[in-house]
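*Asks:* Have a look at the structure that comes next, please.
Every number here is computed from the coordinates shown, using simple stated rules; none is lab data. Because the structure is a prediction, the values reported are computed rather than measured. Counting neighbours? That spans all protein chains shown, and the Cβs are built from the backbone with ideal geometry, glycine included.
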Amino acid sequence: MSDTIFGKITRGEIPTEFLYEDDQCVVIRDINPQAPTHVLIIPRKPIPRLVDAAPEDQVLLGHLLVVAGNVAEKLGVGDAFRLIINNGEGGGQTVFHLHLHILAGRDMTEGQLATGLN
Ligand code: AMP
């Protein structure tokens, strides 16, 4: 499996501030934010795309959702954020290591599918 920048970040090989971390995932600020709050929840396990997740990843995927909610609350956007997973090139994915985007701090009600992401 080819490595990605997120593999290097989760392993600590590229110094990056972790807003949150545990044994399963890290949370960082997006380098090219599409909203005033834009953070990424990245599992340490390098699953390339959501469709590559296996039944054994079920607990991990649930954990990522719980972390997303907790981090959104911690960042003060718990009442108004959008959670996004881009899957595959055609879905706008550019880094092939599964990650969740939290976007908040701008109008999230205009255009239910408009994310501001690629
Ligand atoms: P996606 O298009 O869903 O694959 O999202 C990849 C995201 O990773 C984009 O929003 C990028 O801005 C972000 N990104 C790429 N490299 C870095 C990095 N070194 N640190 C933080 N965010 C990054």
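*Asks:* Per 0.36 nm of contour for each residue apart, how much would the distance between residue 65 and residue 32 grow if the chain were fully extended, relative to their Cα-Cα spacing? Show your work: numbers first, answer last.
*Replies:* Values: separation 33, 0.36 × 33 = 11.88 nm, distance 2.22 nm.
Full-extension gain reported as 9.7 nm.
*Asks:* To the nearest 10 degrees, how steeply does helix 58-74 sit against the main Cα axis of the chain, on a 0 to 90 scale?
*Replies:* 40 degrees
*Asks:* Right, here's the next one. How would you rank 37-43, 50-56, highest first, on the average number of other Cβ atoms within 10 Å across their residues? Provide the component values of the computation, followed by the final result.
*Replies:* Numbers: 37-43: 22.1, 50-56: 11.0.
The packing order, highest mean first, is 37-43, 50-56.
*Asks:* Would you mind ranking 4, 94 by Cβ crowding within 10 Å, fewest neighbours first?
*Replies:* Starting with the residue having the fewest Cβ neighbours, the order is 94, 4.
*Asks:* Specify the inter-centroid distance of region 1-27 and region 30-81, based on alpha-carbon positions, in whole Å.
*Replies:* What the calculation gives is 13 Å, centre to centre.
*Asks:* Which is farthest toward the positive dipole end of region 5-106 among 20, 65, 32, measuring Cα position about the Cα centre, with Cβ charges +1 (Lys, Arg) and -1 (Asp, Glu)?
*Replies:* Of the listed residues, the answer is 32.
*Asks:* Calculated from DSSP H runs of 4 or more alone, at -39500 (n - 2.57) each and per residue, what is the 222 nm mean residue ellipticity of the chain, nearest 500?
*Replies:* On the way: 2 runs with 23 residues, N = 118.
Value at 222 nm, helices only, nearest 500: -6000 deg cm²/dmol.
*Asks:* Please identify which residues in region 33-49 have an amide N closer than 20 Å to a label point set 7 Å out from the Cα of residue 18, following the Cα→Cβ vector.
*Replies:* 38-48
*Asks:* A follow-up question, please. Quick one: which of 12-19, 95-102 comes out on top by average Cβ neighbours within 10 Å, and what's the full order, highest first? Present the calculation step by step, with values, prior to reporting the outcome.
*Replies:* Details: 12-19: 11.8, 95-102: 22.1.
Peptide ranking by packing, descending: 95-102, 12-19.
*Asks:* Let me ask something additional. Express in % the proportion of alpha carbon pairs of the chain at distances exceeding 17 Å. Intermediate values should be presented prior to the final figure.
*Replies:* Numbers: 3739 of 6903 pairs.
I get 54 percent for the Cα pairs in the chain exceeding 17 Å.
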